[in-house]
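To keep things clear, I will list the structure first and then write my remarks on it.
The values are calculated or read from the model by the stated rules, or taken from the named source; none is laboratory data. What you see is a predicted model; the values in this text were computed from it and never measured. Please note: Cβ atoms are built from the backbone with ideal geometry, for glycine as well, and neighbour counts cover all protein chains shown.
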């Protein structure tokens, strides 16, 4: 009688398939082991309550030349509103000149917005006029002023002639090809009463809270 046929065993090591319930158990254990680490990383990434975010940090500044006590160099520059504006137009008034980087520096335009909105505070500080000065074509500056709905007087120092004379192009992140963030207060007699060149290396500040500007002005202002 012929012996019954048998199926040969598979070659190689025998593979075992884990029970589905066992796989679910292993996955749950893995997830639970990872959760404490995720929670710890998330917790430590939160800001400390003792150091709230958004706290104002005082911006340092230099005092360029010409500085307080010196005559403000005269200038004639085209305005985005049309016509030519001369510094001598403000003789008998206190005018705050704001030299800024201009196109491409949104914080600079935000600074103008906030200065304009605080007109009453500037007046109470003895400032009669705010004049902003930046390089660039007058039509592009006018377009930016319109886009941001800014109403301050804006002058175009396209070739940087006036900015160089005021040394205002020495404090920005673009080398000497653009202005930094400089304020020059010219008194009624044409003398500089206060100056602050913010924005120099290494911080390159391009926005200064109004409260600090007025405080720095009060502390550093000299009589003309």
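Out of all the residues in the range 83-98, which are within 21 Å of residue 137 (Cβ to Cβ) and either modelled with pLDDT under 95 or touching a helix residue (DSSP H, G or I) at 6+ places or on another chain (Cβ under 9 Å) (or both)?
If we filter the range 83-98 for residues that are within 21 Å of residue 137 (Cβ to Cβ), which is where we start, we get 83-86, 97-98.
Matches in the range 83-98: 97, 98.
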- [ ] Output yes when any residue across the range 115-125 is under 21 Å from residue 206 (Cβ atoms), outside any helix (DSSP H, G or I), at pLDDT 95 or above and out of contact with any strand residue (DSSP E or B) (no Cβ under 9 Å at 6 or more places or on another chain), and no when none is.
- [x] yes
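Of the residues that make up the range 177-186, is at least one free of Cβ contacts under 8 Å to residues at least 60 places away in the same chain and assigned to a strand (DSSP E or B)?
Applying the first criterion (free of Cβ contacts under 8 Å to residues at least 60 places away in the same chain) to the range 177-186 yields 177.
Filter once more, so that each one left must be assigned to a strand (DSSP E or B): none.
No, the range 177-186 contains no residue that is free of Cβ contacts under 8 Å to residues at least 60 places away in the same chain and assigned to a strand (DSSP E or B).
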- [ ] Please determine, by comparing only the residues of the range 171-193 that are in contact with a helix residue (DSSP H, G or I) (Cβ under 9 Å, 6 or more places away or on another chain) and surrounded by fewer than 21 Cβ atoms within 10 Å (Cβ to Cβ), which one is modelled with the lowest pLDDT.
- [x] 175
TODO: Could you check, for the range 204-216, whether at least one of its residues is within 23 Å of residue 113 (Cα to Cα), under 19 Å from the mean Cα position of the chain (by Cα), modelled with pLDDT of 95 or more and assigned to a strand (DSSP E or B)?
DONE: no
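Among 192, 141, 133, which is the only one that is in contact (Cβ under 8 Å) with a residue 12 or more places away in the chain, part of a helix (DSSP H, G or I) and within 28 Å of residue 71 (Cβ to Cβ)?
Values: 192 fails: part of a helix (DSSP H, G or I); 133 fails: part of a helix (DSSP H, G or I).
Being in contact (Cβ under 8 Å) with a residue 12 or more places away in the chain, part of a helix (DSSP H, G or I) and within 28 Å of residue 71 (Cβ to Cβ) holds for just one of 192, 141, 133, which is 141.
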